[in-house]
Amino acid sequence: MPASRARLTLDLNALAANYALFKAMAGGSEVAPVVKADAYGLGAGPVAKRLWTEGARGFFVARLEEGEALRAALGPDRPAAIHVFDGAPTASAPRLVAADLIPILNSPAQVEVYSAFSRGHGNALPCGLHLDTGMNRLGLRAEELEALAQSPDRLQGLDIRMVMSHLACADQEEHAMNARQAGRFRRARALFPDARASLANSAGVFLGPDYLHDVVRPGIGLYGGGPFGRAHRAIAPVATLEAPILDVRAVAAGETVGYGADFAAERAYRVAIVAAGYADGLLRASWKTGRAWFAGDFRPLLGRVSMDLLAIDVTGCDDAQPGAMVELLGPHVLLDEAAEAAGTVSYEILTRLGERAERLYVGAAG
Ligand SMILES: *Cc1c(COP(=O)(O)O)cnc(C)c1O
């Protein structure tokens, strides 16, 4: 390992423990992990293979290309059901079929195109229907779904395996939108009694039995994020980002640290310069309240995070020497706390981690 490279450790045993937690909470419902965006930046291949070992047989991705890549990564020995949230946009049908993917059709136009394609194809093609219950993002409106249910000819050639919807406010336990969407979903899914129903993301699973239905679709909770925007004691951290100290320097009272001279030392400091910056996913916005963990203590970030470097306060800490590793995210600097310090959500922290750090997988499946 080059001496100044950051290290991203991905603990797939922790991933497995989080999967087991969702299994337990979901009762008899299937837990189908969401591995879109390269499993939130953690690596869809290693993540999905380990989850397969733990018993996962269905997965969700966003893009067609993600589905194709996941099919290739899982290989012929792991014939998972891979669902694609984007559905069947224009001209994607042959590739969906070639990679044996299950599009979640999300507009009348997609239903029409995929149904027409399937009739030319011979066999009925598996797919899902996305119902919009209030998010106003993707999905058929209730009256569009009803119209489809009443004209089966429009669904000819389609093997509708799933009806799903997505919660807009699941991360706010008390939000009235949750029960409203759950009610709309329950009524609509009754139009397709043979299809399996799916409503809950990670936070939705924590909202209780009304939200579970047949399949739950957790993402962030598997990867170490708490369901309600704060750390949850039962969810284990999966990603640990560490970087080495490059230099330790004395900063006298009255001096400043970093770009913009934004941090002014009101006393004498010892400052460690750490080989990680926003190009490694440490969001620049986190410098004011962000902190690292080193030698048994939290260490405030001092001054702005730059592209390759950041500074931390190691006053009075003899262990701070070049080469020593600092935790920037992990079992102490929790994902949800790092997100709060950066004014964002855990999802964005994970998906920004990037490629520069050396990646180590612990507990990878064979
Ligand atoms: C991303 C996504 C999920 C997973 O959400 P988490 O909050 O990460 O658990 C589930 N369903 C849909 C439609 C999504 O887009």
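The values are calculated or read from the model by the stated rules, or taken from the named source; none is laboratory data. Note that the structure is predicted; figures quoted are calculated from it, not measured. Quick reminder, even Gly has a Cβ in these numbers, built from the backbone with ideal geometry, and neighbours come from all protein chains shown.
Name the residue, out of Glu327, Glu337, Glu355, that is at pLDDT below 95 and either away from the ligand (no atom under 16 Å from the Cβ) or over 19 Å from Arg5 (Cα atoms) (or both). Talk me through it step by step, then tell me what you get.
Details: Glu327 fails: at pLDDT below 95; Glu337 fails: at pLDDT below 95.
Unique residue meeting the criteria: Glu355.
Of everything listed in (1) more than 22 Å from Ala116 (Cβ to Cβ); (2) surrounded by 18 or more Cβ atoms within 10 Å (Cβ to Cβ); (3) modelled with pLDDT of 95 or more, the single unmet condition for Asp171 is (3). Can you find even one residue in the range 77-89 that is out of contact with any strand residue (DSSP E or B) (no Cβ under 8 Å at 6 or more places or on another chain), more than 14 Å from the ligand (Cβ to nearest atom), on the phi > 0 side of the Ramachandran plot and outside any helix (DSSP H, G or I)? No, the range 77-89 contains no residue that is out of contact with any strand residue (DSSP E or B) (no Cβ under 8 Å at 6 or more places or on another chain), more than 14 Å from the ligand (Cβ to nearest atom), on the phi > 0 side of the Ramachandran plot and outside any helix (DSSP H, G or I).
In the range 93-124, the qualifying residues are those that are among the aliphatic types (A, V, I, L, M) and in contact with a strand residue (DSSP E or B) (Cβ under 6 Å, 6 or more places away or on another chain), and the one that is farthest from Ala188 (Cα to Cα) is Leu96.
A residue that is buried (at least 20 other Cβ atoms within 10 Å of the Cβ), within 20 Å of Arg359 (Cα to Cα) and either at pLDDT 95 or above or not assigned by TED's automatic domain parsing to the domain that holds Leu329 (or both) occurs nowhere in the range 72-95. Looking across the range 247-271, just one residue is of a type in the set (Ser, Thr, Tyr), outside any helix (DSSP H, G or I) and either within 37 Å of the chain's Cα centre (by Cα) or surrounded by 15 or more Cβ atoms within 10 Å (Cβ to Cβ) (or both), and that is Tyr269. The criterion of being crowded, with 23+ Cβ neighbours inside 10 Å, in contact with a helix residue (DSSP H, G or I) (Cβ under 9 Å, 6 or more places away or on another chain) and not assigned by TED's automatic domain parsing to the domain that holds Phe206 holds for Ala6.
Within the range 196-205, is there a residue that is surrounded by 18 or more Cβ atoms within 10 Å (Cβ to Cβ) and more than 25 Å from Leu42 (Cβ to Cβ)? So that I can check it myself, show each step before the final result.
Residues of the range 196-205 surrounded by 18 or more Cβ atoms within 10 Å (Cβ to Cβ): 196-205.
Applying the additional criterion that residues be more than 25 Å from Leu42 (Cβ to Cβ) yields 196-197.
Looking through the range 196-205, at least one residue is surrounded by 18 or more Cβ atoms within 10 Å (Cβ to Cβ) and more than 25 Å from Leu42 (Cβ to Cβ).
Would you mind stating whether Tyr361 is over 15 Å from Ala6 (Cα atoms) and surrounded by 15 or more Cβ atoms within 10 Å (Cβ to Cβ)? So Tyr361 fails the test.
For the range 154-185, filtering for residues that are free of Cβ contacts under 8 Å to residues at least 24 places away in the same chain and of a type in the set (D, E, K, R) leaves 1.
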